[in-house]
Amino acid sequence: VKNANLVDINGLEVEINLPFYDADGVSNNFLEICNALETRESELRYQSYSLDCSSLEQVFFNICQQADVSHNGLEYDISSVPDSSSKS
């Protein structure tokens, strides 16, 4: 899968993100991916694998993490922002 991302390696477990769509916007064929894994099981030397579908909560969390990383080290001056609680 061209646009697969290595997420984490923890002991004997490897987590890889496989998006629903490939880099060209075409749906990834997960059946084909599973068949390829099973065919190469002895070569890849893994014991098992599993597939999970991200929840909306996980997607939101990932977006927030990406936003935090992109704004890391930036400072904002909010002194010029009017106080919404003040009355005119």
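Any read-out appearing in this document is the output of simple, stated calculations on the displayed coordinates, not a laboratory observation. None of these values were measured; they are calculated from a predicted model. With ideal geometry, Cβ positions are generated from the backbone for all residues, glycine too; neighbour counts draw on all protein chains shown.
A few remarks follow.
- Among Asp22, Asp52, a tally of other beta-carbon atoms within 10 Å of each Cβ gives an order, fewest to most, of Asp52, Asp22.
- Gyration tensor (alpha-carbon) shape descriptor, region 5-70, a/c threshold 1.5: oblate
- Whole-Hz couplings from phi, Karplus 6.51/-1.76/1.60, listed for region 29-43; x for Gly and Pro: 8, 5, 4, 5, 4, 4, 4, 5, 4, 5, 5, 9, 3, 5, 5
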